[in-house]
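Q: To start, I am sharing the structure in question, which I have written as structure tokens.
Nothing in this text is a laboratory measurement; each read-out follows from the coordinates by a stated rule. Because the structure is predicted, anything quoted here is derived from the model rather than measured. Cβ: placed from backbone, ideal geometry, glycine included. Neighbour counts: every protein chain shown.
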Amino acid sequence: MIHDQNMKFHTFIAPLDINGTTATDAELDTAGYHYLTVWIQTGNVAANMTALKIQDSDASASGEADITGLAFTSPTAAAGDNNEYVAFIDLRSRKRYISIVATAGAGATLISATGLLSNAEVSPIDITTRGVTQQLIV
């Protein structure tokens, strides 16, 4: 199998405008995987963001805490436009549930975030276990 076909994809934050608010992310359950790559993209950043960080917890939807070393320098107005932020996380020393906190200043801030789980205990074999809507393999 090709390595990239052994990944599960997760949308933390679908592309959206977080104007002066914190993005509502979709928490990720990392059970069965040993590695996570988080890819965050910004579009327009109209005002300085106040937070861009990754948290973990033992229980779903409760007890989230910042992970030491996984807080990005907050994107600033204009300079933060159209940037990529990537975190490479060894899950073997992490708690099971991963979340992203992205808080924007006042003004249109466009953001999206995706997680790529890899090094699975059981390889994903179809669109459901890969977490995608469609797949093309050529």
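Q: Over the chain, what is the mean sequence separation of C-alpha contacts under 8 Å (at least six apart), divided by residue count, expressed as relative contact order in percent?
A: 45 percent
Q: Follow-up question, since we're still on this one. Determine the sum of side-chain charges near ALA108: Lys and Arg each +1, Asp and Glu each -1, restricted to other residues whose C-beta is under 14 angstrom from that of ALA108.
A: So the environment of ALA108 carries a net charge of -2.
Q: OK, next. Which residue, ALA77, ALA104, ALA113, tops the fluctuation ranking in a GNM of the chain built on C-alpha contacts under 10 Å?
A: ALA77
Q: How big is the charge dipole of the range 17-122 about its Cα centre, in debye rounded to the nearest 20, if each Lys and Arg gets +1 on its Cβ and each Asp and Glu gets -1 on its Cβ?
A: 140 debye
Q: Using a 10 angstrom cutoff on alpha carbons, build the Gaussian network for the chain and name the most mobile of LEU36, LEU28, LEU16.
A: Comparing LEU36, LEU28, LEU16 in a Gaussian network model of the chain, the most mobile one is LEU16.
Q: For every helix of n ≥ 4 consecutive DSSP H residues, a contribution of -39,500 (n - 2.57) applies; sum these over the chain, divide by its total residues, and give [θ] at 222 nm rounded to the nearest 500 deg cm²/dmol.
A: The per-residue figure over the chain is -500 deg cm²/dmol.
Q: From the residues SER118, VAL45, SER74, which one has its Cα farthest along the dipole of the chain in the positive direction, the dipole being from +1 and -1 charges on Cβ of Lys/Arg and Asp/Glu about the Cα centre?
A: Checked the options; the winner is SER118.
Q: Further question on the same structure: Show me, for the range 17-25, the HN-Hα J-couplings you get by feeding each phi into the Karplus relation (A = 6.51, B = -1.76, C = 1.60, θ = phi - 60°), rounded to Hz, glycine and proline as x.
A: 9, 10, 8, x, 10, 9, 5, 8, 9
Q: Same structure again: Starting from the Cα-Cα distance between ILE2 and PHE88, subtract it from 0.36 nm times their residue separation and give me the gain in nm to one decimal.
A: Gain in length upon complete extension: 28.9 nm.
Q: Once amide H atoms are built 1.01 Å from N in the peptide plane, which residues 5 or more positions from GLY131, or in another chain, come under 5 Å H to H?
A: PHE9
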